Amino acid sequence: MNGLSVFQLGDFTFSQPSRITANTRLGDGELVDIQREAKLGGSIHSKGVLILSSFLASRYAAEQPLSLTASLVFEQTYGPVEGDSASVAELCALLSSLANAPIRQSLAVTGSVDQFGRVQAIGAVNEKTEGYFDICSKRGLTGTQGVLIPASNVTHLMLRRDVVDAETAGRFHIYAVETVDQALELLTGILVGIPSADGTLPEGRLNQRVSLRLTHLAELSRKYAKNAERGSGGSREQVDE
C-alpha cells in the first residue's frame, strides 16, 4: 500500500508516500505492530493498529476464533511513526493479504478508521495530496494515479491550481471515501459484497474471500489443537504404564 505521510522540517511541511506492507498467517489472533515492537511507533499509531484488530474480529470472526497472526510495517522508515492517519491503508493492506487481492499501486491512501470501518478525517490533507501529485507528475501522469481521502476532509481542500487542473482533466484523481469498503473497491477493483438478510456473503466478493480465508485458518487451528491433545494424551498413558 502507498500510505501518505507528512514530514516537518522547521516551518516547512511536505509529504511523500510510505510503503506499507502486511503479512497474514495462521496464529492466535495477534496483530503485530512492527513499528511499536521496534520502538518506532507512537501511542496514537499503536491505538490505530488495535482498532484494526477489533474491526477484523467483529466483522469476520464474531462467532469463531480469530486464528490469525498478522504483521504490519512501514517499510524503510528510520524514524518514529505517529498518528492514525495510515489506519485505512493498513486495514486495506491486511484485507488485501487475506483475500489474495492485489492493490492498485497507482493510488495512495490517507485516512483514519474506526471499529466499524468508517473513514475519519485526518490532518494535512492538502500537503498529502499535493505531495503525491508531485511524485506522479515527475514520473508522468497516466490518468490512473490518484489519492483516496476521507469524505469529511473534502471541505478542507485548498489545492494548487496545477493539481486542480489535472484532476479536472482526468489526469489525476481525488477519491473521497466514507467507508473502508469504498476504499477497497477502488484499490482492488473487486466488489466488497453486502451480506444478505440471513448473513450469507455474495460469491466471489472480497468480504467472502476474507471470510473463507479466516474460516480456513480457524479450522486449521482446531485441527492442530486436536492433534496436540491426542499427542499429549498418548504421552501420559505411556508414563502411567
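Go through (1) under 21 Å from residue 21 (Cα atoms); (2) of a type outside the set (A, V, I, L, M); (3) touching a residue at least 60 places away in the same chain (Cβ under 8 Å) for residue 136 and report which single condition fails.
With respect to (1) under 21 Å from residue 21 (Cα atoms); (2) of a type outside the set (A, V, I, L, M); (3) touching a residue at least 60 places away in the same chain (Cβ under 8 Å), residue 136 is out only on (3).
Name the residue that is nearest to residue 66 (Cα to Cα), counting only residues in the stretch 161-215 that are in contact with a helix residue (DSSP H, G or I) (Cβ under 6 Å, 6 or more places away or on another chain) and in a strand (DSSP E or B).
Selected residue: 177.
From the list 83, 48, which residue is in contact with a helix residue (DSSP H, G or I) (Cβ under 9 Å, 6 or more places away or on another chain), assigned to a loop (DSSP other than H, G, I, E, B) and closer than 29 Å to residue 12 by Cβ?
83
Out of the residues in the stretch 70-100 that are among the β-branched types (Val, Ile, Thr) and surrounded by 20 or more Cβ atoms within 10 Å (Cβ to Cβ), state the one that is farthest from residue 205 (Cα to Cα).
Quick first cut of the stretch 70-100, residues among the β-branched types (Val, Ile, Thr) only: 73, 77, 81, 88.
Next cut, surrounded by 20 or more Cβ atoms within 10 Å (Cβ to Cβ) only: 73, 81, 88.
Details: 73: 27, 81: 33, 88: 19 Å.
Among them, the one singled out is 81.
One line per residue, one yes/no per condition, for (1) within 13 Å of residue 101 (Cα to Cα); (2) of a type in the set (Asp, Glu); (3) touching a strand residue (DSSP E or B) at 6+ places or on another chain (Cβ under 6 Å):
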{"site": "181", "(1), (2), (3)": "no, yes, no"}
{"site": "188", "(1), (2), (3)": "yes, no, no"}
{"site": "199", "(1), (2), (3)": "no, no, no"}
{"site": "202", "(1), (2), (3)": "no, no, no"}
{"site": "220", "(1), (2), (3)": "no, no, yes"}
{"site": "226", "(1), (2), (3)": "no, no, no"}
{"site": "229", "(1), (2), (3)": "no, yes, no"}
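Exactly one of (1) in a strand (DSSP E or B); (2) in contact with a Leu (Cβ under 9 Å, 6 or more places away or on another chain); (3) farther than 20 Å from residue 121 by Cα; (4) not aliphatic (A, V, I, L, M) is unmet by residue 64. Its number?
(1)
Can you name the condition, by its number, that residue 214 falls short on among (1) of a type in the set (A, V, I, L, M, F, W, C); (2) buried (at least 20 other Cβ atoms within 10 Å of the Cβ); (3) at pLDDT 95 or above?
(3)
Conditions tested, residue by residue: (1) closer than 15 Å to residue 217 by Cβ; (2) surrounded by 14 or more Cβ atoms within 10 Å (Cβ to Cβ); (3) aromatic (Phe, Trp, Tyr).
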position: 29; (1), (2), (3): yes, yes, no
position: 36; (1), (2), (3): no, yes, no
position: 40; (1), (2), (3): no, yes, no
position: 43; (1), (2), (3): no, no, no
position: 68; (1), (2), (3): yes, yes, no
position: 102; (1), (2), (3): no, no, no
position: 111; (1), (2), (3): no, yes, no
position: 117; (1), (2), (3): no, yes, no
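So residue 237 ticks every box in (1) of a type in the set (D, E, K, R); (2) part of a helix (DSSP H, G or I); (3) modelled with pLDDT of 85 or more; (4) loosely packed, with under 10 Cβ neighbours inside 10 Å but one. Which box is left unticked?
Answer for residue 237: the failing condition is (3).
Would you confirm, using the coordinates I've provided, whether residue 103 is part of a loop (DSSP other than H, G, I, E, B), at pLDDT 95 or above and in contact with a helix residue (DSSP H, G or I) (Cβ under 7 Å, 6 or more places away or on another chain)? Walk me through it before giving the result.
Values: part of a loop (DSSP other than H, G, I, E, B): yes; at pLDDT 95 or above: yes; in contact with a helix residue (DSSP H, G or I) (Cβ under 7 Å, 6 or more places away or on another chain): yes.
Answer is yes for this residue.
For the stretch 51-61, which positions are part of a helix (DSSP H, G or I) and aliphatic (A, V, I, L, M)?
First, the residues of the stretch 51-61 that are part of a helix (DSSP H, G or I): 51-60.
Answer for the stretch 51-61, where residues must be part of a helix (DSSP H, G or I) and aliphatic (A, V, I, L, M): 51, 52, 56, 57.
The values are calculated or read from the model by the stated rules, or taken from the named source; none is laboratory data. What you are looking at is a predicted structure, and each value in this text was computed from that prediction instead of being measured. Every residue, glycine as well, gets a Cβ built from its backbone with ideal geometry; the counts of neighbours run over all protein chains shown.
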